[in-house]
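Student: So that we are looking at the same thing, I have put the structure below in structure tokens.
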Amino acid sequence: MNKTALITGASAGLGYEFANRFAEDGYDLVLVARNKAKMEEMKKRFPNLNITVITKDLSNPGAAREVYEEVKAAGIKVDALVNNAGFGLMGKFEELDIVKQSEMISLNITALTELTHYFLPELKESPNRARILNVASTAAFQPGPMMAVYYATKAYVLSFSEALAEELAGTSVTVTTLCPGATKTNFASVANVEKTKMFSGAMSPQEVAKQGYQALMSGKRVVITGSTNKVGAYAAKFLPRSLAAKIAKYVAKEA
Ligand SMILES: NC(=O)c1ccc[n+]([C@@H]2O[C@H](COP(=O)([O-])OP(=O)(O)OC[C@H]3O[C@@H](n4cnc5c(N)ncnc54)[C@H](OP(=O)(O)O)[C@@H]3O)[C@@H](O)[C@H]2O)c1
């Protein structure tokens with residue numbers, strides 16, 4: 001029997017690339033996002049795999065529970081959980097729509113946390129080594145003026161995931177946090193950051209997903225993609241937080 005990977009945000013960008021990596025390794029897939037058509041295409045690409053598409057807005061209250069119940073009703077056991085769905089918004093906190101910012105918190109934090117909670121018991125029971133991949137960002141390492149809520153959500157993802165990795169040490173479940181820097185996906189247009197300095201050296205989603213997948217499969221706890229991003233994240237650990245915030249504000253300006 002094939003192993004199964006559940007991937008959120010699988011209709012585009014990094015999630016779509018993760019779905020390809022798992023499929024190439026023979027995993028059955030559960031794909032979750034709002035755009036059904038893009039996920040259905042995956043069935044044509046991998047006709048030999050069992051691919052389940054769940055169309056869901058994960059920012060809605062209770063959405064994670066609904067996904068869990070749909071997966072259980074289909075009799076599927078999950079061996080790998082990829083919490084990838086997320087979005088950002090650029091602008092001054094006071095000027096950005098609070099409803100959209102709350103939706104971001106619900107998707108980037110609440111859905112990720114709840115899905116992890118619901119699926120953890122069966123991941124621990126998996127006869128295989130089970131894997132959780134949580135997608136944070138290099139935004140996790142410092143405060144981010146002009147994207148204050150987004151950076152804070154990613155700091156949460158990193159902190160939560162590293163803590164969970166330690167709680168699960170010695171079990172068969174590993175937790176990996178992926179911290180990409182700017183990557184050429186729809187993220188930039190959704191967040192309105194396409195013209196900023198931070199996006200001038202963006203990586204390809206294929207390369208980021210490849211590095212994240214390798215780290216996941218080797219059980220690494222944290223992976224930062226790209227050498228410039230690694231240096232930036234390392235430097236942020238030693239800089240005063242106020243200075244790191246000034247640098248983040250600078251790279252949020254137009255290139
Ligand atoms: N690209 C970057 O520069 C970058 C850098 C660091 C971290 N990240 C993180 O990487 C992750 C993936 O982003 P990406 O770059 O691949 O962006 P993307 O191309 O915009 O893809 C985002 C994915 O999330 C899904 N999604 C968005 N809102 C959703 C909702 N309410 N419910 C369910 N699914 C939803 C989208 O599908 P639907 O629209 O079909 O729902 C899509 O599949 C995010 O967590 C992002 O924060 C990205």
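Student: Evaluate the Debye formula for the chain with equal point scatterers sitting on the alpha carbons, no solvent, and hand back log10 of I(q)/I(0) at q = 0.09, 0.13, 0.16 Å⁻¹, in q order, two decimals.
Tutor: -0.37, -0.78, -1.19
Student: What does segment 1-132 give for Rg and for Dmax, in Å, if only its C-alpha atoms count?
Tutor: Cα-based Rg and Dmax for segment 1-132 come out at 15.1, 52 Å.
Student: May I ask you to give the solvent-accessible area per residue for the chain, in square angstrom, as obtained with a 1.4 angstrom probe?
Tutor: I get 47 Å² per residue for the chain.
Student: Would you mind pulling out the separation of the Cα centroids of segment 57-118 and segment 192-215, in Å?
Tutor: 21 Å
Student: Next up: At 37 °C and a viscosity of 0.692 mPa s, what translational diffusion coefficient does Stokes-Einstein give for segment 215-255, taking Rh as the Kirkwood radius over Cα pairs? Give it in µm²/s as a whole number.
Tutor: Calculated translational D: 275 µm²/s.
Student: Which of the GluC sites (Glu not before Pro) across segment 86-142 are loop residues per DSSP, with 13 or fewer other Cβ within 10 Å?
Tutor: For GluC sites (Glu not before Pro) across segment 86-142 that sit outside H, G, I, E and B with at most 13 neighbouring Cβ atoms in 10 Å, the list reads Glu94, Glu95.
Student: What is the extension gain from Lys184 to Arg129, computed as 0.36 nm multiplied by their sequence separation minus the C-alpha to C-alpha distance, in nm to one decimal?
Tutor: 16.7 nm
Student: Now, a different point. Assuming 0.890 mPa s and 25 °C, estimate D for segment 92-239 with Stokes-Einstein, Rh taken as the Kirkwood radius over Cα pairs, in µm²/s.
Tutor: Reported coefficient: 151 µm²/s.
Student: Binning at 10 angstrom from zero up to the longest distance, how are the C-alpha pair distances of segment 6-51 distributed in percent?
Tutor: Per 10 Å bin, starting at 0, the Cα pair percentages come out as 33, 63, 4.
Student: Which angle from 0 to 90°, rounded to the nearest 10, does the C-alpha axis of helix 148-167 make with the longest principal axis of the chain?
Tutor: 50 degrees
Student: Another question about this same structure. How large, in percent, is the carbon and sulfur part of the accessible surface of the chain at a probe radius of 1.4 Å?
Tutor: The value for the chain is 53 percent carbon and sulfur by accessible area.
Student: Using a Debye calculation, one point per C-alpha and no hydration shell, please list log10 I(q)/I(0) for segment 127-189 at q = 0.22 Å⁻¹ in order.
Tutor: -0.88
Student: Return the loop-located trypsin sites (Lys or Arg not before Pro) in segment 67-166 (DSSP other than H, G, I, E, B) with at most 12 other Cβ atoms within 10 Å of their own Cβ; answer none if there are none.
Tutor: Sites meeting the loop and neighbour criteria: Lys92.
Student: With respect to the cross-link table entries Lys43/Lys230; Lys43/Lys249; Lys56/Lys124; Lys36/Lys77, which display a Cα-Cα separation exceeding 31 Å?
Tutor: Over 31 Å Cα-Cα: Lys43/Lys230; Lys43/Lys249.
Student: Additional query: Helix 36-45 versus the longest principal axis of the chain: what angle, 0 to 90°, nearest 10, using Cα atoms?
Tutor: Result, in degrees: 60.
Student: What distance in nm lies between label points placed 7 Å from Cα along the C-beta direction at Lys92 and Ala74?
Tutor: 4.6 nm
Student: Could I ask something else about it? If I take every Cα pair under 8 Å that is 6 or more residues apart in the chain, average their sequence separation and divide by the length, what percent do I get for the relative contact order?
Tutor: 19 percent
Student: Report the relative contact order of segment 131-255, percent, no decimals, based on alpha-carbon pairs under 8 angstrom and at least 6 residues apart.
Tutor: 34 percent.
The values are calculated or read from the model by the stated rules, or taken from the named source; none is laboratory data. Since the model is a prediction, treat every value here as computed from it, not as a measurement. Virtual Cβ from ideal backbone geometry, glycine too; neighbours counted across all protein chains shown. The accessibility values were calculated without ligands, DNA or RNA, using every heavy atom of the protein model including side chains. Shrake-Rupley method; radii C 1.70, N 1.55, O 1.52, S 1.80 Å.
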